[in-house]
Amino acid sequence: MRTIKQNFKVQFSYGVHFTEGVFKEDNTLLRDILSQANVGSSSKVLFVIDDGVAKAHPTLSDQISEYASTYSDVFHLAASPILVLGGEEVKNDKRHLQLLLDSVNEFGICRHSYIVAIGGGAVLDMVGFAAAIAHRGIRHIRIPTTVLSQNDSGVGVKNGINAFGKKNFVGTFAPPAAVINDSLFLHTLNDAEWRSGISEAIKVALIKDSDFYHSIKRDAHKLVARNMAAMQQLIFRCAELHVEHIGGKDPFEFGSSRPLDFGHWSAHKLEQITDYRLRHGEAVAIGIALDVIYSKLIGMISEAECDNILDLFQKLQFDLFIPELLQQEPDGKLTLIKGLNEFREHLGGQLTIMLLSNIGTGVEVNTLNEALIIQAVGELQQKYQPHSSTTV
Ligand SMILES: NC(=O)c1ccc[n+]([C@@H]2O[C@H](COP(=O)([O-])OP(=O)(O)OC[C@H]3O[C@@H](n4cnc5c(N)ncnc54)[C@H](O)[C@@H]3O)[C@@H](O)[C@H]2O)c1
Ligand SMILES: [Zn+2]
């Protein structure tokens with residue numbers, strides 16, 4: 001028997017840039033990024049825009065065209081920007097992915113072209129996936145437009161769409177060529193979208209950085225009042241912690257450990273059982289609350305720490321109880337608990353769940369006790385829906 005051993009490394013590197021007014025004529029950030037790869041020739045660029053963003057920023061397509069003519073020595077548009085549906089539906093229905101692949105074919109987008117996606121996390125996930133699989137990988141630049149996509153989903157290496165009623169069932173790990181966070185987009189978010197992404201910052205602060213957690217707590221009233229400086233600070237630190245983590249030990253998640261998914265085992269299930277009425281960030285807030293109470297129930301954190309965290313979510317006006325938490329399967333089990341196994345399947349290997357040992361320190365465990373999960377759901381209900389007739 002003979003073996004040829006293969007062994008190589010591929011280096012990835014990309015910038016997460018912060019700016020204001022990315023398509024203003026004198027803002028050369030995007031031009032500079034595009035000029036890096038195809039020196040001496042003009043890159044072909046296909047823009048894809050979330051229709052929610054296009055509606056809120058009606059001059060965006062014109063701004064892109066003007067920007068392209070100003071910097072025509074560096075890049076040109078492959079076609080007029082393509083609009084895609086904003087929100088989770090773009091990941092639920094494969095036809096959106098197909099339409100984008102059709103465009104890549106029709107407009108002759110090659111591996112040296114760029115696809116620039118402008119939108120919320122859902123659109124970025126779908127477009128990133130299309131870019132990753134067409135021609136086995138087209139360079140792609142993300143311009144995230146929500147708090148959640150600027151501080152978490154848009155700065156990492158994952159993309160994908162939903163299938164079989166499961167989140168992110170089909171997808172790849174494919175680092176972007178660059179990420180551009182433009183704070184001007186945040187002005188047009190409604191209050192729920194503005195709030196939603198804050199839960200990802202609380203998540204990463206709780207498991208990694210107590211100073212960051214306390215700064216979010218101090219700024220809570222400013223965040224509720226939509227203070228942009230406070231939000232920009234939160235987004236920067238949150239993005240930085242995500243980028244550091246991803247670039248650390250296991251960017252492509254070969255192991256079973258996934259600390260950044262603290263609070264997510266139940267969040268993904270709640271998004272699905274509410275038919276995505278619950279936003280990702282809203283589901284994450286409930287998921288964190290549940291795992292924080294669970295951490296308290298098993299004696300990992302104190303009651304005071306648990307209350308401190310729940311109080312922050314309340315200050316930020318998150319709903320921490322929804323009736324779907326009580327939804328049952330025909331065998332009487334909470335539907336929520338099915339989320340545990342689905343989470344394990346998605347990760348592969350042994351179930352690995354992040355809990356807290358104090359504010360700022362996450363600890364992984366390999367089992368969760370169903371009776372205690374039910375007790376934690378009961379606590380959420382008692383605190384946040386005290387007058388209900390149905391109980392767990
Ligand atoms: N790839 C990852 O690592 C990762 C990580 C976390 C979350 N996600 C995914 O991100 C998605 C959630 O993303 P999201 O929270 O950004 O929401 P979203 O993409 O669902 O967008 C929410 C809504 O806001 C609109 N919108 C976006 N930007 C706007 C703007 N500037 N002004 C006005 N409206 C705007 C959209 O059209 C949409 O209707 C989920 O699918 C989640 O699974 C991915
Ligand atoms: Zn998340």
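Computed from Cα positions, the angle between helix 264-273 and the longest principal axis of the chain comes to roughly 80 degrees. Computed extension gain for residue 99 through residue 1, at 0.36 nm per residue and net of the alpha carbon distance, reaches 30.5 nm.
Relative intensity of the range 240-375 on a log10 scale, I(q)/I(0) at q = 0.09, 0.19 Å⁻¹, equals -0.26, -1.23, per a Debye sum over C-alpha point scatterers of equal strength in the absence of solvent. Residues 340, 260 in ascending order of nearby Cβ atoms (within 10 Å, fewest first): 340, 260. For the range 143-151, backbone phi angles converted through the Karplus equation (6.51, -1.76, 1.60; θ = phi - 60°) give residue-by-residue couplings of 10, x, 10, 10, 4, 4, 6, 6, 9 Hz, Gly and Pro being listed as x.
Once backbone amide H atoms are built at 1.01 Å from N, residue 43 has 75, 76 as its partners under 5 Å, excluding neighbours fewer than 5 places away on the same chain.
Quick one: Cα centre-to-centre distance for the range 113-149 and the range 286-339, in angstrom? First find each Cα centre; the distance between them is then 32 Å.
For the range 47-105, the square roots a ≥ b ≥ c of the C-alpha gyration tensor eigenvalues yield an a/c of 1.5 or more together with a/b not exceeding b/c, which makes the shape oblate. Put in line by how crowded their Cβ is, counting other Cβ atoms within 10 Å and starting with the fewest, 47, 254 read 254, 47. Once both axes come from the Cα atoms, what is the angle between helix 228-246 and the longest principal axis of the chain, in degrees from 0 to 90, rounded to 10? Rounded to the nearest ten degrees, it is 90. As a rough guide to protection, the peptides 212-221, 108-117, 283-292 ranked by mean Cβ packing within 10 Å, highest first, stand as 283-292, 108-117, 212-221. Of the cross-linked pairs 5/249; 208/296; 338/383; 24/208; 269/296, those separated by over 27 Å at the C-alpha level are 24/208. With helices as the sole contributors, the chain gives -13500 deg cm²/dmol at 222 nm; each DSSP H run of n ≥ 4 counts as -39500 (n - 2.57), and the sum is divided by every residue. At q = 0.12 Å⁻¹ the log10 of I(q)/I(0) for the chain amounts to -0.93, computed by Debye summation with a single uniform scatterer per C-alpha, solvent ignored. Look at 231, 1 and count the other Cβ atoms within 10 Å of each Cβ; fewest to most, that gives 1, 231. The Cα atoms of the range 1-149 cover 65, 40, 32 Å along the three principal axes, with the biggest extent listed first.
We did not get these values from a lab; they are worked out from the coordinates using the rules stated. Model, not experiment: these values are computed from the prediction. Heads up, the Cβs are rebuilt from the backbone with ideal geometry, glycines too, and the neighbour counts pull from every protein chain shown.
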